[in-house]
Amino acid sequence: MTIVLRPGTAADAAACGTICYEAFKAICTAHNFPPDLPSPEAGIGLLSMLLAHPRFYSVVAESEGRVVGSNFLDERSPIVGVGPITVDPTGQNRGVGGLLMQDVLARANRQKAAGVRLLQSGFHNRSLCLYTKLGFRTREPVSILQGKPLGLTFPGYKVRPATAADLAACNRLCHQVHGFDRSGELADAIEQKTASVVERDGRITGYTTAIAFFGHSVAETNHDLMALIAAAPEFGGPGLLLPTRNHEVFSWCLESGLKLVFQMTLMTVGLYNEPTGAYMPSVLY
């Protein structure tokens with residue numbers, strides 16, 4: 001089939017959001033995992049926000065005038081994040097996903113992004129192979145964890161809502177851990193009132209945009225990260241994302257009653273610095 005790529009618009013939200021839901025539902029159900037999105041309306045709501053955001057690049061694939069897929073690029077930071085990329089389940093294995101990925105990689109190159117990152121579902125062999133062929137390198141496995149809020153506090157660790165006055169300190173911390181900051185995402189989360197910081201000895205030692213599927217967290221130590229997780233009112237979406245090799249935090253989460261949903265894989269192109277502190281990625285990176 002002939003595929004035409006074009007920029008996404010607000011008018012695409014219903015078609016792209018429905019495909020987003022159906023695509024994730026199909027692949028997850030085929031492997032006996034819960035779908036990432038609970039309903040078509042959730043998919044439409046998510047993509048409506050991305051299509052309206054000035055710092056998300058979007059591309060839509062059409063065949064014979066019908067939308068068959070879409071992809072996005074989060075351009076709020078020096079490192080850009082890919083996704084969600086979804087293709088109509090009735091049009092799989094026809095090269096649509098490859099074209100959508102090539103388009104956002106070309107966009108990242110034009111924008112001179114320092115690096116590109118994504119997370120892919122560990123059970124989805126096709127996407128792992130596609131991304132590897134496109135130049136992505138596997139960095140580490142990441143666990144999705146879900147469960148009841150822990151409602152715990154740690155003596156000496158104060159968790160509070162983040163404010164605009166915290167941006168500079170949080171950006172320094174992110175740069176210390178990753179080699180770059182994620183100021184655009186953090187500013188959005190502060191405005192949306194989902195961001196929190198943890199303070200120890202009178203200074204900020206960690207922050208999170210949300211302990212959730214679409215939130216990321218950075219901390220000096222594992223205990224700072226655990227304090228943020230312990231104080232979270234919920235684990236939004238499918239759950240929080242934790243690097244599996246972080247044995248101390250992973251085992252603590254399991255002992256606290258959180259359950260493993262499934263594994264994802266962090267993949268990168270371009271700049272990658274081995275993290276020098278504790279962190280949790282969002283589903284984008």
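The values are calculated or read from the model by the stated rules, or taken from the named source; none is laboratory data. Here the structure is a predicted model, which is why all the values come from computation and not from measurement. No Cβ is skipped: glycine too gets one built from the backbone with ideal geometry, and neighbour counts run over all protein chains shown.
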Lone qualifier among 268, 205, 194 - being within 26 Å of residue 104 (Cα to Cα) and either part of a helix (DSSP H, G or I) or in contact (Cβ under 8 Å) with a residue 12 or more places away in the chain (or both): 268
Residue satisfying condition, being within 23 Å of residue 43 (Cβ to Cβ) and touching a helix residue (DSSP H, G or I) at 6+ places or on another chain (Cβ under 9 Å), within set 67, 104: 67
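In region 133-152, which residue that is more than 24 Å from residue 235 (Cβ to Cβ) and touching a residue at least 12 places away in the same chain (Cβ under 8 Å) is surrounded by the most Cβ atoms within 10 Å (Cβ to Cβ)? If you could, list the steps in order and put the result at the bottom.
Quick first cut of region 133-152, residues more than 24 Å from residue 235 (Cβ to Cβ) only: 133-138.
With the extra rule that they be touching a residue at least 12 places away in the same chain (Cβ under 8 Å), the set shrinks to 134-138.
On the way: 134: 14, 135: 12, 136: 23, 137: 12, 138: 13.
Going through the qualifying residues, I end up with 136.
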Test for residue 213: is it aromatic (Phe, Trp, Tyr), under 27 Å from residue 38 (Cβ atoms) and within 12 Å of the chain's Cα centre (by Cα): yes
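Looking for whichever is in a helix (DSSP H, G or I) and either in contact with a Pro (Cβ under 8 Å, 6 or more places away or on another chain) or not assigned by TED's automatic domain parsing to the domain that holds residue 219 (or both) here; the options are 168, 108, 187, 113. Which one fits? Outline the logic, then answer.
Details: 168 fails: either in contact with a Pro (Cβ under 8 Å, 6 or more places away or on another chain) or not assigned by TED's automatic domain parsing to the domain that holds residue 219 (or both); 187 fails: either in contact with a Pro (Cβ under 8 Å, 6 or more places away or on another chain) or not assigned by TED's automatic domain parsing to the domain that holds residue 219 (or both); 113 fails: in a helix (DSSP H, G or I).
Just a single option satisfies the conditions, and that option is 108.
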Lone unmet requirement of (1) out of contact with any Cys (no Cβ under 7 Å at 6 or more places or on another chain); (2) touching a residue at least 60 places away in the same chain (Cβ under 8 Å) for residue 34: (1)
